[in-house]
Amino acid sequence: MPTARTRSYANIGIKAVAIDIEVHVSAGLPAFNIVGMAETAVRESRERVRSAIINSNFEFPPRRITVNLAPADLPKQGGGFDLAIALGVLAATGQIALEDTHEYAFSGELSLLGALRPIRGMLPIAISCIDDKRRLICALGSQLELDLLDSGSAILPASDLISVCAHLQGRQLLSPVQQTTDESGLKSTTPLVDLKDIRGQQGAKKALEIAAAGGHNLLFTGPPGAGKSMLAKRMPGILPNLDSQSAIETAVIYSICGKSRNNSLIPPVRAPHHSASSVSLVGGGSPPVPGEVSLAHKGLLFLDELPEFAPKVLEGLREPLENGEITISRASHQNLFPADFILVAAMNPCPCGFYGSPSCDCSREQVSRYQRRVSGPLLDRIDMQVSVELPTPGELIRTDSIQEGESSSEVKQRVVDARKRQFNRQGKINAKLSAKELANVAPLNAESELLLSRAMENMNLSARGLHKVLRVARSIADLENQEFSISQIKQALGFRERKISK
């Protein structure tokens, strides 16, 4: 009985799982059945495959066709199996020779005319295919996200079903994707705003630099117009570029979400509106998809007007802030999504925003209720809490060059140098140091221990808060290229203390 087998892949979370596609053509009334937990888009491939085969000058057999997607207990979604199914039908009916089924894998959606269309999640599919030592034939538009991979000749983009068949028959071979993205050719199509545009706010700028150097979370608190959002929007300009491994990890998440980025080596920046739901922020749905915290992986998550987010939404940030990943659990399966990001948030001190000034008419109860919208456990996970004051008229009005501060490129160079010191010393950024590692890289003398003991009593520091102070102090020492001492601890404690009362 005529049979054929091809290989494709299904995306489960951020990984791709191999799917064997078995095609059986037998005598009987014409029928085309697809089995193996195929959802609607997969079952609809019957009509796409039929039309694509006919319009590619092949014969569609008027017989009983059964397609099995194995393993049968794994859910399959999307139109990415079209190409593999079509080739299986052509091989089972003897119209093409598909002898070595272990050499190739196929992924792509077919149009009714036989053209290949890109699908979401192409990057994790390509990675799994390379790991399986197979050559992947995919749609021509997919190479834009695959050029991050050093794939050699393993990825072969094709425009339509006819060109795939011509390659398999040796008549006209497909050209492989070439790796084109490297740091030497790094260019951003989106201009980054510059730190030198901000007048004054030296303390807040220093906090940005420390947060970028050590990967620390940061909260700006201050009245409207003080420059909190302006400061946060300039942090991407001082973050180091991603290395190749981090760029691939980030690109995989965007790939399975069907999104693209201007440049894969620039850290991602996400700034959801405060009306965002819990699912959109941390991920979820059925099947589970990544949320904003995962799209900000290896980059920056900016939450403006922090207390305006729903409390339930904000509480969902606690686990990813602590663990750098988030697990979305459903009755039938679990998906683990990476979420290693820097949180930068901004908030007003009260509903009107001018707490402490004569123009503020908020009652003590209103102020307390507003600030309690951001819970203590969430604040405890934020390394630096900085009060931003309104700039003076002189700082805003003067236009001479004396008032112009450092540019983002100058600050970025110091951040890059500090990161190099951290990786050379411990192999990771300071924000990821464990308590045991902190004891080695941030040693305490008797004077430092006494200072921290008093700080824990007076500032109600938790054990987590104490460790965060030491990590920030270690980053300050790295920026200054100095030995770790009590001086950096004092600076870190100053960044930890909120200057608004409850």
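The values are calculated or read from the model by the stated rules, or taken from the named source; none is laboratory data. Source: prediction; values computed, not measured. No Cβ is skipped: glycine too gets one built from the backbone with ideal geometry, and neighbour counts run over all protein chains shown. Side chains included, ligands, DNA and RNA excluded: accessible areas come from the protein's heavy atoms. Shrake-Rupley method; radii C 1.70, N 1.55, O 1.52, S 1.80 Å.
Distant-in-sequence amide contacts of A105, defined by a placed amide H-H separation under 5 Å and a gap of 5 or more residues or a different chain, comprise R135, L136, I137. Counting heavy atoms of the protein chains alone, T66 has an accessible area of about 50 Å² for a 1.4 Å probe.
Note on surface exposure: I130, I382 rank I130, I382 by accessible area, highest first, 1.4 Å probe.
Across S286, S128, S359, S487, the residue with the most accessible area heads the list, and the full order at a 1.4 Å probe is S286, S359, S487, S128. In this simple spin-label approximation, Q482 and Q95 carry label points 7 Å from Cα along the Cα→Cβ vector, and these lie 7.6 nm apart. Expressed as a whole percent, the accessible surface of the chain that belongs to carbon and sulfur atoms is 50, based on a 1.4 Å probe. Subtracting the Cα-Cα distance of S277 and E410 from 0.36 nm times their residue separation leaves 44.1 nm of extension gain.
If the only charges are +1 at each Lys and Arg Cβ and -1 at each Asp and Glu Cβ, what is the size of the charge dipole of the range 241-315 around the Cα centre, to the nearest 20 debye? Can you show the working numbers first?
On the way: 5 positive and 7 negative charges, 50 e Å.
Taking the Cα centre of the range 241-315 as origin, the dipole is about 240 debye.
Taking Rg/Rh (Cα atoms, Kirkwood Rh) as calculated from this structure, the corresponding entry among (i) 1.25; (ii) 0.99; (iii) 1.08 is (iii).
Near F341, the amide H atoms lying under 5 Å from its own belong to K298; only residues 5 or more places off or on other chains count, and H is placed 1.01 Å from N. Given the C-alpha centroids of the range 242-297 and the range 135-155, what is the distance between them in whole angstrom? For the range 242-297 versus the range 135-155, the Cα centre distance is 21 Å.
Dividing the alpha-carbon radius of gyration of the range 343-438 by the rule-of-thumb value 2.2 N^0.38 Å gives 1.57. Label-to-label distance for S434 and L29 is 6.5 nm, based on points extended 7 Å past Cα in the beta-carbon direction.
Multiplying the residue separation of K133 and H102 by 0.36 nm and subtracting their alpha-carbon distance yields 10.3 nm.
Just to make sure I understand: if all protein chains stay in place, what is the order of R48, R318 by accessible area at 1.4 Å, largest first? Write out the running numbers ahead of the final one.
Numbers: R48 40, R318 75 Å².
My answer, sorted largest first, is R318, R48.
Accessible surface for I96 stands near 10 Å², nearest 10, in the context of the full protein assembly shown (1.4 Å probe). For V269, the residues whose amide H sits under 5 Å from its own are L300, ignoring neighbours fewer than 5 places away on the same chain, with H placed 1.01 Å from N.
Ligands, DNA and RNA aside, Y254 has an accessible area near 10 Å² when probed at 1.4 Å. The residues of the chain have, on average, 46 Å² of accessible surface per residue, using a 1.4 Å probe with all protein chains present.
Can you tell me the relative contact order of the range 19-152? Whole percent, Cα pairs under 8 Å, sequence separation 6 or more. Walk me through the intermediate numbers first.
On the way: 233 pairs, mean separation 34.7, N = 134.
Here the relative contact order equals 26 percent.
Entry for the range 100-149 at q = 0.32 Å⁻¹: log10 I(q)/I(0) = -1.25, Debye formula applied to identical alpha-carbon scatterers, no solvent contribution.
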